[in-house]
Amino acid sequence: MTSKLVTTDVLVIGGGLAGERCAIEAAAAGLDVLVLSVVPPRRSHSCAAQGGMQASLGNCVKAEGDNPTVHFLDTVRGSDWGADQEVAQIFAEEAPVAVRELAHFGVPWTRVRAGKNRYFIKGEQVEIEEKAENDGLITHRDFGGTAKWRACYAAAGTGHAVLYAVDSEAVRLGVTVRDRTEAVALVHDSGRCWGAVARCLRTGEHTAVLAKATVITTGGYGRIYGQYTTNATINEGSGAVIALDTGVVPLGNMEAVQFHPTALSPSGILITEGCRGDGGYLLDKNLDRFMVEAEPEKQELASRDVVSRHMARRMRDGLGIETKYGPHLWLDIRHLGEEHLTTKLREVFDICRDFAGLNPAHELIPVRPTQHYSMGGVRVNKDGQAYNMAGLFAAGESACWDMHGFNRLGGNSLAETIVAGRIVGRNVARFAARASLDVDTQVALRAIERAESRASAWLERSGSGPTVYELRDEMAETMIADVGIFRTGDELEAGVARLRELLADCDRAVLRSKAPGMNPELSFALRLKGMLKLALVTAMGALARTESRGAHYRTDHPQRDDANWLSRTLVRWPDGASEPVFSYEPVGILDLPPGHRGYGRADQVAMAESIESYNQRVDAEQRQHGRLDTEESPGSRIRWGAWAEEQ
Ligand SMILES: Cc1cc2nc3c(=O)[nH]c(=O)nc-3n(C[C@H](O)[C@H](O)[C@H](O)COP(=O)(O)OP(=O)(O)OC[C@H]3O[C@@H](n4cnc5c(N)ncnc54)[C@H](O)[C@@H]3O)c2cc1C
């Protein structure tokens, strides 16, 4: 074996929460685990998560009566019935265990304090007596779209606290990490994945990491929206790209893109939903609390898609505060008081001070909706196995598992990284323990050669083409203008046409820096074509879906259409093809029948077929689309009708 080939039992691509939690599971099973990461794991984007992590522990008064079934119901409604309901049930059941386990890893969860506590609910101050027997238990805050207070939190630095604890556990178990190393292609042969080609970002050298099982945990792809996202600059979707590049692995629901209501304007830094959960509210330029009238029941705590649309309409109607950076609205958390802001929302207080020069205890915060979360990703079955590719798994934001459907609830993503990390990690370990590394090394060497020649082609190209940064900025402007919160057929068509041009332009773009090793421009250039492909399939998926569901809102097709679109979009990009191929599979076995979410639009086009007939075709149709066998048969984890008792 040459020094260009490295072997391991399990390769994890991505050192964020999902990746490290998977790695822990595999390492604890006694396997060799290698993690690749663009940045040191503790700088992964998970670190930026603020507000909390959903788990139905039911520990404080406003959480009483909570349980996994209520969590499941909230999640499916939040998804606008786009979620796989079995996955949502598995998730809701495991979340409380996962959160308690994190306490053992050392996460300093904020705790219940017995006695009188001051909270703000729907803008009103209330005093609630927390029970003495619950003193010291993990407490909860309110979040959008939930029936109970369920978000467990560590001030407003939840992601930071959880990532540091999980990373410490990975270190303790001897997980090997290669940071500043990027997976640029999967090594695969005849429908079997054998690892990935990795490019060192310091030297530009390529190696192949050969593994019995490979997991993609590379996070979201918000950066296809350029600066119009709360995501870190490393969220460029390269895990989804390497899966798409196999030609056979589909991505799911790429058109399902979440906009978060409250990003700081103009920087785009997130201000957590925990602010509204703790009693903050939104105001327009007349200081009118418009969400009370717009959503009388949930107000500011309707789901993110609904609140973002109300905000966007408000600004479109001239009721935003105009600035040279565009309009914004106000988030008011002054009434929570400085003590609350500097303890339970400490990071928000710091962000406002450091990035906007304001004190939120005395001043309003300028906010507007901004791209935030990728519901779409590498389509996997309930075990986390990618469609059409044995030995390849995915988890976390890079995966379409799919518990979020067309809208993820706040706090359900951090929880997903840990819950899916545990479950998928266990399945990966089981798969790897049964497998042997029977890979033809020529396959790996050819994959390295292809990656090397791609890099050389960029370095050798000269001429007067556009720069990669010009193309990136054009992509971002196109996405925000044509594939944003509100979408129309005409705008989407224009967006698709422009993205096709940009994809073609990518082959003419030239680099200004020709260094082969440490060269951020070259590293970005190598990602750009993939990002444009992701942008294109997002826009094309949105154009094809002639209904509105969750975050995908077509003003020319405003109703949710369960008769025609109770389906998940799948997209593949066959090898050598100039265009992607779309298909649709049933969302999964339905337990909770489609209905009104309790917020947002109440009118839908009802299913034409019976739930029984829909459920009967799920298994066969998903298999036709490439779903691999699962350890337990589909539907075996559904707690049929348990929800009926909760309603
Ligand atoms: C500002 C902000 C606040 C948030 N707050 C909350 C919250 O309060 N509650 C909640 O539930 N959710 C929240 N979310 C969402 C949540 O934080 C993310 O969905 C989640 O942390 C993603 O974790 P991950 O492990 O899937 O990916 P990430 O944490 O993004 O990690 C991805 C990893 O992949 C690596 N990587 C990427 N590409 C490659 C490659 N090609 N090769 C090798 N490595 C690669 C990166 O280096 C990184 O280590 C928030 C999101 C944002 C943007």
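The values are calculated or read from the model by the stated rules, or taken from the named source; none is laboratory data. None of these values were measured; they are calculated from a predicted model. Backbone-built Cβ (ideal geometry, glycine too); neighbour counts: all protein chains shown. For accessibility, only protein heavy atoms count, side chains too; no ligands or nucleic acids. Shrake-Rupley method; radii C 1.70, N 1.55, O 1.52, S 1.80 Å.
Its Cα gyration tensor gives segment 178-324 an equivalent ellipsoid. The semi-axes, each the square root of 5 times an eigenvalue, are 42, 17, 13 Å from largest down. In this structure, the amide hydrogen of Ala551, modeled 1.01 Å from its nitrogen in the peptide plane, lies closer than 5 angstrom to those of Asn407, counting only residues at least 5 positions away or on a different chain.
Of all DSSP bridge pairs formed entirely within segment 299-405, close to 75 percent run antiparallel. Normalised by the number of residues in the chain, the average gap of Cα pairs under 8 Å and 6 or more apart makes the relative contact order 20 percent. Over all distinct Cα-Cα pairs of segment 305-422, the Kirkwood formula returns a hydrodynamic radius of 17.2 Å. Distance from the alpha carbon centroid of segment 41-96 to that of segment 360-394 works out to 14 angstrom. Computed on protein heavy atoms with a 1.4 Å probe, the accessible areas place Leu502, Leu445 in the order Leu445, Leu502, largest first. Backbone geometry of segment 159-165 corresponds, through the Karplus equation with coefficients 6.51, -1.76 and 1.60 at θ = phi - 60°, to 3J(HN,Hα) couplings of x, 4, 5, 6, 5, 5, 5 Hz, x marking Gly and Pro. Of Thr555, Thr8, the residue with the largest accessible area leads and the full order is Thr555, Thr8 (1.4 Å probe).
Here the average projected area of the convex hull drawn through the C-alpha atoms of segment 377-529 stands at 12.5 nm². By how many degrees, between 0 and 90 and to the nearest 10, does the Cα long axis of helix 17-28 differ from the longest principal axis of the chain? Helix 17-28 and the main axis of the chain meet at about 70 degrees. Take the Cβ atoms of Arg289 and Glu579, set R0 to 60 Å, and the FRET efficiency comes out at 0.80.
Positive-end ranking of Leu590, Phe91, Thr246 along the dipole of the chain, with charges on Cβ about the Cα centre, is headed by Thr246.
For segment 416-433, backbone phi angles converted through the Karplus equation (6.51, -1.76, 1.60; θ = phi - 60°) give residue-by-residue couplings of 4, 4, 7, 5, 5, x, 5, 6, 5, x, 4, 5, 4, 4, 5, 4, 5, 5 Hz, Gly and Pro being listed as x. The tail of the calculated P(r) for segment 260-302, taken as Cα-Cα distances beyond 18 Å, holds 30 percent of the pairs.
Could you tell me which of Val197, Ser436, Ile480 has its Cα farthest along the dipole of the chain towards the positive end, charges placed at Cβ (Lys, Arg +1; Asp, Glu -1), taken about the Cα centre? Towards the positive end, the residue furthest out is Val197. Ordered from highest to lowest accessible area with the whole protein assembly present and a 1.4 Å probe, Ser453, Ser578, Ser413 read as Ser578, Ser453, Ser413. Here the simple spin-label model places points 7 Å from the Cα toward Cβ, and for Asp473 and Asp440 these points are separated by 4.7 nm.
Express the relative contact order of segment 65-152 as a whole percentage, based on alpha carbon pairs under 8 Å and six or more residues apart in sequence.
25
Of the whole protein surface, Val257 contributes about 0 Å² of accessible area at a 1.4 Å probe radius. The long axis of helix 489-506 is offset from the longest Cα principal axis of the chain by roughly 40 degrees. Give the angle, between 0 and 90 degrees and rounded to the nearest 10, that separates the Cα long axis of helix 441-460 from the longest principal axis of the Cα atoms of the chain. Roughly 80 degrees, rounded to the nearest 10. Pairwise Cα separations in the chain fall into 10 Å bins from 0 onward with the following percentages, short to long: 3, 17, 28, 28, 17, 6, 1, 0.
Determine the shape class of segment 1-115: with a ≥ b ≥ c the square roots of the Cα gyration tensor eigenvalues, call it rounded for a/c under 1.5, and otherwise prolate if a/b is greater than b/c, oblate otherwise.
Verdict is prolate for segment 1-115.
Taking all protein chains together and rolling a 1.4 Å probe, Lys131 ends up with roughly 80 Å² accessible. Please state the shape class of segment 75-227: rounded when a/c is under 1.5, otherwise prolate if a/b exceeds b/c and oblate if not, all from the C-alpha gyration tensor. Prolate, because a/c is 1.5 or more and a/b exceeds b/c. Given +1 at the Cβ of Lys and Arg, -1 at the Cβ of Asp and Glu and no other charges, the dipole of the chain around its Cα centre is 1180 debye to the nearest 20.
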